Amino acid sequence: MPSPQLVQSVIRELFTSERSPRRTEPDLVMDDPANVAAYVEAGREHAVMAPVYLFHAANICEVIRPGDTVVDLACGPANQLAMVARLNPLTTFIGVDLSPPMLAQAQELITRQGLTNVTFRHGDITDLSMFADGSIDAVVSTMALHHLPDSDCLARTYAEVARILKSGGGIYMVDFGHLKAQRSIDYFGNQYADRQPALFTEDYINSLHAAFYPDQFRAAAAPLLQRAKLYATIALPFMVALKSPARRGDDPALRTTLAEMKKNLPQWHHADIADLIRHFGMNGMRCALLP
Ligand SMILES: C[S@@+](CC[C@H](N)C(=O)[O-])C[C@H]1O[C@@H](n2cnc3c(N)ncnc32)[C@H](O)[C@@H]1O
């Protein structure tokens with residue numbers, strides 16, 4: 001059952017005339033050591049981000065195939081990327097980020113986990129000139145686009161994705177969506193304050209303020225809308241995803257592994273993942289690998 005506060009937020013977002021302004025992230029490129037450490041901590045196995053990472057991992061798995069070369073834009077400490085790379089040992093991944101401390105964390109994690117299918121590049125996602133036209137099988141990005149300074153940078157990023165992707169390539173790019181009312185932002189921002197470091201709550205609230213509105217995503221993503229669909233719930237677009245059609249048929253082994261991972265999440269995460277599945281399911285984005 002959705003909580004009363006969630007229902008209130010839905011009603012508020014549907015009827016408010018407020019359009020809270022976008023406030024750019026104080027730490028655009030995340031290289032402040034304390035912020036990097038808080039982010040890494042929140043991404044640890046079974047920590048607060050676990051259900052979100054699992055949900056995105058399942059969706060990413062659906063748009064990539066064994067043998068693909070996949071680029072993860074603004075990969076950060078690679079918590080998400082490592083999970084996907086473990087699930088897809090025959091796929092090659094390249095993580096791109098502009099923050100050296102994040103890339104150091106990412107490399108440390110990949111080495112510690114013994115993953116041999118991931119490499120990293122230091123670079124700016126608005127200029128992917130390190131990749132040739134039509135050279136990449138799939139592009140993914142999670143919870144990162146709100147770090148861009150403005151919607152021109154967002155448009156440049158999507159244009160670069162359109163340029164480097166092969167025809168028929170996979171896309172899963174997901175980020176927070178901007179809520180109209182300040183009170184809705186306050187509700188979501190503080191939802192998990194009791195379960196996570198204070199610095200991470202602060203970072204999360206900053207992220208929600210920095211998020212782009214669904215109409216900004218739609219305008220910027222124009223070059224990709226023939227290849228992927230933008231999913232944003234009208235009632236409460238707190239997350240917005242651009243996802244291409246699935247590129248892999250049913251994979252019972254992967255489905256079983258993901259179901260096990262979901263079952264093994266701590267009990268308090270079960271409602272969170274159900275919320276995410278319901279939230280995106282309402283606007284038609286379903287994942288056969290994580291029903
Ligand atoms: C909130 S983290 C997301 C990390 C990861 N994708 C995840 O899901 O955990 C955002 C990342 O975007 C990176 N970033 C911000 N602006 C960037 C840019 N223009 N090019 C590349 N990376 C950027 C930051 O350094 C940071 O690591």
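The values are calculated or read from the model by the stated rules, or taken from the named source; none is laboratory data. Computed from a predicted model, the values in this text were never measured in an experiment. Note that we place each Cβ from the backbone using ideal geometry, even for glycine, and neighbour counts take in every protein chain shown. Surface areas here come from the heavy atoms of the whole protein model, side chains and all, with no ligands, DNA or RNA. Shrake-Rupley method; radii C 1.70, N 1.55, O 1.52, S 1.80 Å.
Subtracting the Cα-Cα distance of Arg286 and Asp194 from their residue separation scaled by 0.36 nm leaves 30.1 nm. Projecting the Cα atoms of Leu14, Val29, Pro51 onto the charge dipole of segment 1-96 (Cβ charges, centred on the Cα centre) puts Leu14 farthest toward the positive pole. Simple spin-label estimate for Thr257 and Leu90 gives 1.2 nm between the two label positions (7 Å along the Cα-to-Cβ direction from each Cα).
Note: relative contact order over the chain, using C-alpha pairs below 8 Å and six or more positions apart, is 24 percent. Peptides 125-131, 52-58 ranked from most to least packed by the mean count of surrounding Cβ atoms within 10 Å: 52-58, 125-131. A simple spin-label model places the labels of Arg19 and Gln5 2.8 nm from each other, with each point 7 Å out along Cα-to-Cβ.
Of all the options Ala37, Ala246, Ala132, the one that moves most in a Gaussian network model of the chain with Cα springs shorter than 10 angstrom is Ala132.
Each peptide in 86-97, 247-258 was scored by the mean count of other Cβ atoms within 10 Å over its residues; highest first, the order is 86-97, 247-258. Dipole magnitude for the chain: about 980 debye, using +1 per Lys or Arg Cβ and -1 per Asp or Glu Cβ, origin at the Cα centre. By the Cα gyration tensor, the chain has an equivalent ellipsoid whose semi-axes, rounded to whole angstrom, run 26, 22, 20 from largest to smallest. Summary of the geometry: segment 191-221 and segment 235-278, compared by the centres of their Cα atoms, lie 20 Å apart.
Per-residue accessible area (protein heavy atoms, 1.4 Å probe) orders Asp133, Asp72 as Asp133, Asp72, starting from the largest.
For Cys75, the solvent-accessible surface with a 1.4 Å probe is about 10 Å², rounded to the nearest 10.
Could you please put Val10, Val174 in sequence from largest to smallest accessible area, using a 1.4 Å probe? Could the numbers behind the result be given before it?
On the way: Val10 40, Val174 0 Å².
Correct descending sequence by accessible area is Val10, Val174.
Straight-line cross-link reach from Lys180 at under 21 Å between alpha-carbon atoms covers no lysines, not counting any fewer than eight positions away in the same chain.
Within a straight-line Cα-Cα reach of under 22 Å, Lys262 can be paired with the following lysines, leaving aside sequence neighbours fewer than 8 residues apart in one chain: Lys243.
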